[in-house]
1. For region 185-205, how many residues are open to solvent by 10 Å² or more (accessible area, probe 1.4 Å) and either in a helix (DSSP H, G or I) or acidic (Asp, Glu) (or both)?
2. Kindly indicate which of Thr11, Thr38, Thr2 is in a helix (DSSP H, G or I), within 19 Å of Gly306 (Cβ to Cβ) and either in the same structural domain as Val302 (by TED's automatic domain parsing) or of a type outside the set (Asp, Glu) (or both).
3. Return the pair list, or none, for Cβ contacts closer than 9 Å from residues in region 270-296 that are over 16 Å from Arg8 (Cβ atoms) to residues that are open to solvent by 80 Å² or more (accessible area, probe 1.4 Å) and of a type in the set (Ser, Thr, Tyr), at least 6 apart or on different chains.
4. Within region 122-148, track down each residue that is at pLDDT 95 or above and closer than 19 Å to Leu72 by Cβ.
5. For region 61-111, name all the residues that are open to solvent by 50 Å² or more (accessible area, probe 1.4 Å), part of a loop (DSSP other than H, G, I, E, B) and under 25 Å from Ala176 (Cα atoms).
6. Mind listing just one residue for me: the one in region 321-332 that is of a type in the set (A, V, I, L, M, F, W, C) and in contact (Cβ under 8 Å) with a residue 40 or more places away in the chain and, of those, surrounded by the fewest Cβ atoms within 10 Å (Cβ to Cβ)?
7. Can you report the number of residues in region 206-236 which are part of a helix (DSSP H, G or I), open to solvent by less than 50 Å² (accessible area, probe 1.4 Å) and either within 16 Å of the ligand (Cβ to nearest atom) or touching a helix residue (DSSP H, G or I) at 6+ places or on another chain (Cβ under 6 Å) (or both)?
8. Given the condition touching a His at 6+ places or on another chain (Cβ under 8 Å) and in a loop (DSSP other than H, G, I, E, B), answer yes or no: does some residue in region 130-143 qualify?
Amino acid sequence: MTRRVDLRSDTLTQPTQEMRDAIATAVVGDDGYGEDPTIRALEDRFAALVNKEAAIFVPSGVMGNQIAVRILAKPGDLIVAGRGQHVVSFEMGAAARNSGIQFACVDDTSGTLALRDVLDVIDSEEDHQPHVAMVALENTHMPSGGTPLDVGDINALALAVGERPVHLDGARLFNAVVATGTTAAQYAASATTVMACLSKGLCAPAGSLLAGPASLMEQGRIERKRLGGAMRQAGFLAAAGLVALDTMVDRLADDHVRARALAELFATAFPEAQYDPESCRTNIVAFNHPQARQLVEELANVGVDGGTIGPRRARFVTHAGVSDDDVAFVAHVLAHFKPTKS
Ligand SMILES: *Cc1c(COP(=O)(O)O)cnc(C)c1O
């Protein structure tokens with residue numbers, strides 16, 4: 001058995017030929033002096049897409065989130081966020097380690113935060129608890145299975161928290177856009193800052209963007225420097241990013257169709273997981289299973305690579321490197337799969 005289907009992550013995507021050509025011919029300059037025209041074009045492009053005054057190009061989504069946290073909160077402040085969100089659980093404690101900020105975590109099992117839970121945290125300020133500086137949301141919400149947020153929920157939450165800024169971690173914002181038909185600008189409208197990744201489903205080799213008000217983005221540039229994320233002729237990366245925004249958004253719909261097909265297959269193969277395939281609305285199949293780690297290991301042994309995102313939670317992600325043929329292969333594997341009894 002030599003065939004493999006790699007569903008570990010959409011970060012595995014390779015740059016397209018058009019990206020490679022754009023990289024080869026990109027006009028670049030020293031971004032430290034604001035003189036890389038390709039980076040500036042990408043920043044302007046993203047700012048326009050999310051209808052914010054300015055944007056900054058950053059090496060990674062983590063840095064985009066961390067810059068947002070640093071410009072919107074101070075050491076000792078609380079940030080309200082869902083327990084499973086990337087900024088809370090998958091950034092190695094960066095907000096605490098780098099910036100002295102702590103999280104007030106609320107339940108996000110379903111993908112959305114209950115307004116009541118968020119307001120209760122804020123209300124606790126009255127009871128001698130720390131200042132709540134901001135709310136962080138994630139769209140799509142990865143751990144719940146790539147759930148796209150409802151723009152009405154975001155707006156209602158932003159309205160309810162009043163002056164407090166909302167940061168939208170949109171690592172997979174364009175998956176949400178394609179899944180719901182809500183535009184990036186509509187999603188970002190009531191958020192103060194919004195981050196999106198170019199290097200996941202959009203297939204760019206590296207890079208993310210953070211957008212918001214011009215004055216905050218000026219501060220963001222300073223924080224980017226502090227975190228070591230100021231680059232020089234990084235227009236080579238930005239060139240691929242422009243191609244990503246131009247050519248790779250619409251095709252995310254294919255990833256979503258394939259993920260749903262896989263969701264049906266996994267739900268049938270593992271009824272004990274009680275997984276509802278309809279909950280898969282973008283490119284992430286995630287379900288609880290009592291032997292998730294063992295399952296993932298044994299599936300890898302027969303050519304289907306996935307991962308776990310918690311002790312009993314398995315995850316399989318579709319991306320541009322996964323074809324209909326690959327889905328058929330997974331169907332074949334699952335039809336013959338017999339987990340060893342633990
Ligand atoms: C991947 C991801 C990030 C971080 O992006 P990197 O480029 O890997 O640093 C942030 N938030 C979410 C929801 C992600 O999935």
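The values are calculated or read from the model by the stated rules, or taken from the named source; none is laboratory data. Bear in mind the structure is a predicted one, so any value in this text is a computation, not a measurement. Reconstructed Cβ throughout: ideal geometry from the backbone, glycine too, with neighbour counts over all protein chains shown. These area figures cover heavy atoms from the full protein model, side chains too; ligands, DNA and RNA do not enter into them. Shrake-Rupley method; radii C 1.70, N 1.55, O 1.52, S 1.80 Å.
1. 2
2. Answer to the check: Thr11.
3. Pro277/Thr268; Pro290/Ser342; Gln291/Ser342; Gln294/Thr340; Gln294/Ser342
4. Scanning region 122-148 gives Ile122, His131, Val132, Ala133, Met134, Val135, Ala136, Leu137, Glu138, Asn139.
5. Within region 61-111, Arg83, Phe90, Asp107, Thr109, Ser110 meet the criteria.
6. Here is the first cut: in region 321-332, the ones of a type in the set (A, V, I, L, M, F, W, C) are 322, 327-331.
Next cut, in contact (Cβ under 8 Å) with a residue 40 or more places away in the chain only: 322, 327, 329-331.
Values: Val322: 25, Val327: 20, Phe329: 17, Val330: 25, Ala331: 15.
This residue is Ala331.
7. 5
8. Initial filter on region 130-143 (touching a His at 6+ places or on another chain (Cβ under 8 Å)): 134-138, 142.
Filter once more, keeping what is in a loop (DSSP other than H, G, I, E, B): 142.
Among the residues of region 130-143, at least one is touching a His at 6+ places or on another chain (Cβ under 8 Å) and in a loop (DSSP other than H, G, I, E, B), which makes the answer yes.
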